[in-house]
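Presented below is the structure to which this report refers.
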Amino acid sequence: MKQLIPVTIVTGFLGSGKTTLLRSLIQRRQTRRLALLINEFGEISIDGALIRDEAGGDEQVRIHDFPYGLIAYGDDEQFVPTMRAIAARRANVDHVLIETSGLALPTAVMELLQSPELCDDFILDATLAVVDTPLLLSDQFEHGVGINPAVNPAATMFEQQLEYADVVVLNKIDGLDDEALLLAETRVRQRAPNVRFLELAHQARLDIRLALGLRLHQPTRTEHGHTYTALPAMPGPQAGVLAEQSRLNGHAHSGLSAHSHGLATHKHFHEQDPGWLSFVLRSDVAQQADQLKAALLEAAKVEPILRSKGFIRTDATPRAVLVQGVRSRVTISVDAVKPAARRSELVFIGYHTSRSNVAAVLSNLTGTPWR
């Protein structure tokens, strides 16, 4: 029987730091030959470009973009053929990493991995959910607050992503003390008591041994393929929260419980809530970084923008300038390798967000047209 290719799914809400974490894993891949499938909810691929820059043309790292849509969901005709192509070159692939959109559940990928088309070539290694820890601690994932206080769809999506994860990675934790980390773990456990492992990503870096090769799922053959069964039981969810946070490093874990994934939960999120929107704004005029940052902060105040990202054109550097925004947190940085963009392009993702209002704010505060 041929060896199955392990697949790791990386999920997490908008702006949690999935792409940065993947870039660090590429740096630490050692001799592993990787295939990466990068899914973004937007008509241009920003994350794929960042990961390509990190790979630097390395033939041992192959990247496949899945922009504007949800990977493996019902209307995705690209996923299965891409995976079949990877299987065809299995002698040159040690591991597959799939980054889902911040507005998707991992269950769609999980189900197709069990389909007759893929089950003889691939096995789910683990599902990692990356968490923006400061955002979790700011109560933005609590029901009754946020972009829609009555329901808070961001909280619902966040909780579902945690529910189907094997490993939760607390990201953006630098500067947080033990008390804050303890509170973050408590909030994760309250939402998903059956999560197997909690890991800490200092400086958005995770030991590759804690991400790849975990072998958390075992195939059980069925008439039409295989399904994933739980591993032998571990201490139950009543084990409580760690008092000693340093034990979260490595593989000392608290509150562990084996669990199986339900695969009937995913639907295209537009069928659940069509309020999630993505659009791109562009400008052909060189931008002043400080002015643009102020404009983005103001736009986040007047419109429910959850995520903004892209590259802008400036006269200050011949390099590309990257914009990353999570709600009202905006960073603008110069890329060390990528050449300057010919025009500025920013992707915005939000809930019932008005494109025209955001364009007006940016145009007024930067003094340049954004369309």
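In nm, give the distance between the simple-model label positions of Asp58 and Ala88, each being 7 Å from the Cα along the Cα-to-Cβ direction. With each label placed 7 Å out from Cα toward Cβ, I get 2.5 nm. Each of Thr100, Ile86, Ile51 was placed along the dipole of the range 50-113 (beta-carbon charges, centred on the mean Cα), and the one lying farthest toward the positive end is Ile86. Under 5 Å from the amide H of Ala211 lies no amide H of any residue 5 or more positions distant or on a separate chain, with H modelled from the backbone and absent for Pro and chain starts.
The gain in end-to-end length when the Asp174 to Gln190 segment is fully stretched comes to 3.5 nm, 0.36 nm per residue minus the alpha carbon separation. As a rough guide to protection, the peptides 110-117, 74-81 ranked by mean Cβ packing within 10 Å, highest first, stand as 110-117, 74-81. The peptide list 195-206, 126-137, put in order of mean Cβ contacts within 10 Å with the highest first, becomes 126-137, 195-206.
Across the range 156-167, rounded Karplus estimates of 3J(HN,Hα) from the backbone phi angles (6.51 cos²θ - 1.76 cosθ + 1.60, θ = phi - 60°) give 5, 5, 4, 5, 5, 5, 5, 4, 9, 9, 8, 10 Hz, Gly and Pro being marked x. Residue separation of Asp120 and Leu137 scaled by 0.36 nm, minus their Cα-Cα distance, works out to 1.9 nm of gained length. Residues in the range 285-302 carry Karplus couplings, in order, of 9, 4, 9, 8, 4, 5, 5, 5, 4, 4, 5, 5, 5, 5, 4, 5, 7, 9 Hz; the curve used is 6.51 cos²θ - 1.76 cosθ + 1.60 with θ = phi - 60°, and Gly or Pro positions show x. The magnitude of the dipole of the range 12-100, with charges of +1 and -1 set on the Cβ of Lys/Arg and Asp/Glu and taken from the Cα centre, is near 560 debye. Annotation: amide H of Ile63 within the under-5 Å range of Leu36, sequence separation 5 or more or interchain, hydrogens built in the peptide plane.
Checking the a/c ratio against 1.5 first, then a/b against b/c, what shape does the Cα gyration tensor give for the range 264-371? Verdict is prolate for the range 264-371. Here the range 264-371 has 51 percent of its accessible surface on carbon and sulfur atoms, given a 1.4 Å probe and all protein chains in place. Relative to the present Cα-Cα distance, how much length would full extension add between Gln218 and Ala294 at 0.36 nm per residue of separation? Extra length from Gln218 to Ala294 when fully extended: 22.3 nm.
The values are calculated or read from the model by the stated rules, or taken from the named source; none is laboratory data. Because the structure is predicted, anything quoted here is derived from the model rather than measured. FYI the Cβ positions are ideal-geometry reconstructions off the backbone, even for glycines, and counts take in every protein chain you see. In case anyone asks, the SASA skips ligands and DNA or RNA and just uses the protein heavy atoms, side chains included. Shrake-Rupley method; radii C 1.70, N 1.55, O 1.52, S 1.80 Å.
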